[in-house]
Amino acid sequence: MPGLKTNEVEGTRAVLRHYRMSATKARQVLDLVRGQDVDRAQDMLRATPREGARVLAKVLASAAANARHNDGLDPDELYVSACYADEGTTAKRWRPRARGRATRIRKRTCHITVIVSRLPEDRLQRRRAAQAVAVATRSRRVAASRRGGGRGAGTEGAGTEGTVAGGVSDEKATDTSETAGVETHETDVVETDVVETDVTDVTDVTEVDESEADGADEHPGEEG
């Protein structure tokens, strides 16, 4: 008993008809996304540098939109269940050749069909489990980065406080040194006054002694 044909696969489809490309070139791109999730298929088509990839991306987006609006399916739960390219109308042109002959030119077209369906339950469960693991890993990384940032901020704060304390200590030391200089200067002034006073007293005493000596010389007989 023959199996299920490609055009009999159940799902939501989108068809592009009479596109100016050969079916052979379109099939090379279709083989890349067959059986893939819609999100992954779109990423693969964006990274494929071929004209067929650009056209197929539009057809795939149209099929996903049809599944969402017409059948009420979630686009995140879809995959490419079938995709194929059929031969379209071939336009015939003529090219002149040597000796009055002509060669036929075939301008081929194709019909591109993409069918998307909902993922089976086992694949959905595996996908959800992988997403949960990814979310948990990202949460742990974010928490670790926040803890690291908090430690860095605390270190920076401590450094700032140390700098402020150091500045205050320097200011206090400067004030103390200035005060000590002022007190030293005042002490020097007082000592200078005392020395000058002593010198004056000594001078007065010397003058008194000299006057007494002069008086003794003037009256030598009195002593005798």
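The numbers here are math on the coordinates, done by the rules we state, and not lab data. All values reported here derive from a predicted model rather than from experimental measurement. A quick note on method: Cβ atoms are made from the backbone with ideal geometry, for glycine too, and the neighbour counts reach across all protein chains shown.
Please give the FRET efficiency for Lys5 paired with Lys92, using the beta carbon to beta carbon distance and R0 = 45 Å, rounded to the nearest 0.05.
Rounded to the nearest 0.05, the efficiency is 0.90.
Run through the stretch 1-52 and list the trypsin sites (Lys or Arg not before Pro) located in a DSSP loop whose Cβ has at most 12 other Cβ atoms within 10 Å.
Here the trypsin sites (Lys or Arg not before Pro) that fit, given the DSSP loop and packing criteria, are Lys5, Arg20.
DSSP loop trypsin sites (Lys or Arg not before Pro) in the stretch 51-108 with at most 10 other Cβ atoms within 10 Å of their Cβ, which ones?
Answer by residue number: Arg97, Arg101.
When all alpha-carbon pairs of the stretch 10-119 are counted, what percent fall beyond 26 Å?
Every Cα pair in the stretch 10-119 considered, those over 26 Å come to 27 percent.
Considering only Ala64, Leu119, Met44, whose Cα is most displaced toward the positive end of the charge dipole of the stretch 10-119, charges sitting on Cβ of Lys, Arg (+1) and Asp, Glu (-1)?
Met44
At a Förster distance of 35 Å, what's the computed FRET efficiency of Lys25 paired with Arg146, Cβ-Cβ distance as r, to 0.05? Mind dumping the intermediate values first?
Values: r = 51 Å, r/R0 = 1.46.
It comes out at approximately 0.10.
Which of the listed residues, Trp94, Leu78, Gln28, is farthest toward the dipole's positive end in the stretch 10-119, when Lys, Arg count +1 and Asp, Glu count -1 at the beta-carbon?
Trp94
If I stretch the segment between Ala130 and Arg101 completely, what's the gain in nm (0.36 nm per residue apart, minus their alpha carbon distance), one decimal?
Length gained between Ala130 and Arg101: 4.0 nm.
How much length is gained if the chain between Arg34 and Arg108 is pulled fully straight, taking 0.36 nm per residue apart and subtracting their Cα-Cα distance, in nm to one decimal?
24.3 nm
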